[in-house]
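Engineer: Right, I'll just put the structure down here and ask away after.
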Amino acid sequence: MKELSFTITVSMISYNDEKILEECLASVRSQDYNQELIDILLIDGGSTDATLEVARKYGATVIYRPDLRDVPYVRGGMAFTMPKTDLILFFSADNRLQEQDTLSRMVETFVDEDTVGCETLRYGYRETDPAISRYFALIGGADPIAVGLGKADRAPYDARKWHSFGEAEDCGSYYKVRFSNDVSKIPTLGANGFLFRRKLAENSRFALHAVHTDMCLDLIRQGHNQFVFVKHKHVIHFINVSLSSFIKRRLHYEQMYSCENISRVYSVFQKKDLPRLLYVIVSYSTLVIPAMRALKGYLFVRDPAWFLHPIMCCLFTLSYSFHFIRRGLSLKPHQKILDSHLVQQLKRKTGKM
């Protein structure tokens, strides 16, 4: 194959990410893809540590917006809409490109003009990473409830073939998958190292506030439904916080990006998912079925992190249950209208109307 010439922006948002940003950006700059074709864009929410210095060390363009610290979805929208390159890699400070040719193998798939976006089939797994990071890589997602519903964004390590929804074609080094318009049959596409065509993203109104799943669904409904999942190359989702901190962060994100706060079309939980959701809740509550799942996975990859699964299933089920009950009791009438109005004001302020 001739040398690829796609220009790429590695687009990120940040806030006080000094401790984890160095390895992230080092993994980008160590890629064998032509570095002259790679820009790094960092939309920062007012970091008070050395985040900006680390970013500039690796040649990043930094947009400093402390006024947008508490609205990361608006900064994310800037990260989606400001680049002018052929492709955008939506990245986070806790992401790492594991192999030196990961980006090259992903970019190759865009020679096919029907390709909308590309992810790695699996998350990167390293034996030296914290147990929680290894666990989520092994099961294929950072939320065991979403995994149980079949909405995981990556494949588990014991899957031998395409594991999710869509019409999949095995192309050897990658899967080419076409998704239907049925939102209940679409996984959580678009996060943690998602590479996509910039011009297509411009056609989605959801790029304005960086709701990656909504943007992907919107493009699928426009007929741009071919996504690629590269085998044998990996994006690491490095998680080095405590379990309690991680769950709190997940619940915070769920509320921040919920339909009550911003306009959404995608949700992990659809009405059609109710029977499956009830099964997940009941089975997770037994602890027996999650333990059997952990044992099955352990037979493929001998890592005791698999046995976090019963604990995680129980904790996430309880946490989400209490969260939704409390939110349902405390949600004020017309909250969505008020918050949507705030988002519109922020869009006008950032010039993204």
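Engineer: Are any of the residues in the range 337-353 modelled with pLDDT of 70 or more and out of contact with any Phe, Trp or Tyr (no Cβ under 6 Å at 6 or more places or on another chain)?
Structural biologist: no
Engineer: Based on what the data block shows, is residue 46 in contact with a Lys or Arg (Cβ under 7 Å, 6 or more places away or on another chain) and surrounded by fewer than 17 Cβ atoms within 10 Å (Cβ to Cβ)?
Structural biologist: Considered against the rule, which asks whether it is in contact with a Lys or Arg (Cβ under 7 Å, 6 or more places away or on another chain) and surrounded by fewer than 17 Cβ atoms within 10 Å (Cβ to Cβ), residue 46 comes out as yes.
Engineer: Still on this structure, please answer the following. Filter the range 178-228 for residues that are of a type in the set (S, T, N, Q), in contact (Cβ under 8 Å) with a residue 40 or more places away in the chain and either over 14 Å from residue 265 (Cβ atoms) or out of contact with any Leu (no Cβ under 8 Å at 6 or more places or on another chain) (or both) and give the result.
Structural biologist: Within the range 178-228, 180, 181, 184, 188, 192, 225, 226 qualify.
Engineer: So residue 230 passes all but one of these: (1) open to solvent by less than 30 Å² (accessible area, probe 1.4 Å); (2) out of contact with any Cys (no Cβ under 7 Å at 6 or more places or on another chain); (3) not small (Gly, Ala, Ser). Which condition number does it fail?
Structural biologist: It fails just one condition, (2).
Engineer: Another question, if that's okay. Can you tell me which residue in the range 10-27 is nearest to residue 241 (Cα to Cα), limited to those that are touching a helix residue (DSSP H, G or I) at 6+ places or on another chain (Cβ under 8 Å) and open to solvent by less than 10 Å² (accessible area, probe 1.4 Å)?
Structural biologist: By that ranking, first place goes to 21.
Engineer: Output yes when any residue across the range 232-249 is part of a helix (DSSP H, G or I) and farther than 19 Å from residue 135 by Cβ, and no when none is.
Structural biologist: No, that holds for no residue.
Engineer: Considering every residue within the range 174-186, establish whether at least one is part of a loop (DSSP other than H, G, I, E, B), within 18 Å of residue 113 (Cα to Cα) and out of contact with any helix residue (DSSP H, G or I) (no Cβ under 9 Å at 6 or more places or on another chain).
Structural biologist: For the range 174-186, residues part of a loop (DSSP other than H, G, I, E, B), within 18 Å of residue 113 (Cα to Cα) and out of contact with any helix residue (DSSP H, G or I) (no Cβ under 9 Å at 6 or more places or on another chain): absent.
Engineer: Restricting the first residue to the range 8-23 and requiring it to be more than 13 Å from residue 58 (Cβ to Cβ), which pairs with a second residue that is β-branched (Val, Ile, Thr) and assigned to a loop (DSSP other than H, G, I, E, B) meet a Cβ separation below 7 Å and a spacing of at least six or different chains?
Structural biologist: Within 7 Å, the pairs are 8/85; 9/85; 16/48.
Engineer: Is at least one residue of the range 103-115 touching a helix residue (DSSP H, G or I) at 6+ places or on another chain (Cβ under 6 Å) and either in a loop (DSSP other than H, G, I, E, B) or open to solvent by less than 10 Å² (accessible area, probe 1.4 Å) (or both)?
Structural biologist: Yes, some residue in the range 103-115 is touching a helix residue (DSSP H, G or I) at 6+ places or on another chain (Cβ under 6 Å) and either in a loop (DSSP other than H, G, I, E, B) or open to solvent by less than 10 Å² (accessible area, probe 1.4 Å) (or both).
Engineer: Could you give me the residue pairs with C-beta distances under 7 Å whose first residue belongs to the range 291-309 and is farther than 17 Å from residue 127 by Cα and open to solvent by 50 Å² or more (accessible area, probe 1.4 Å), whose second residue is modelled with pLDDT of 95 or more and among the basic types (Lys, Arg) wherever it lies, and which are 6+ apart or on separate chains?
Structural biologist: none
The values are calculated or read from the model by the stated rules, or taken from the named source; none is laboratory data. Since the model is a prediction, treat every value here as computed from it, not as a measurement. Note that we place each Cβ from the backbone using ideal geometry, even for glycine, and neighbour counts take in every protein chain shown. Surface areas here come from the heavy atoms of the whole protein model, side chains and all, with no ligands, DNA or RNA. Shrake-Rupley method; radii C 1.70, N 1.55, O 1.52, S 1.80 Å.
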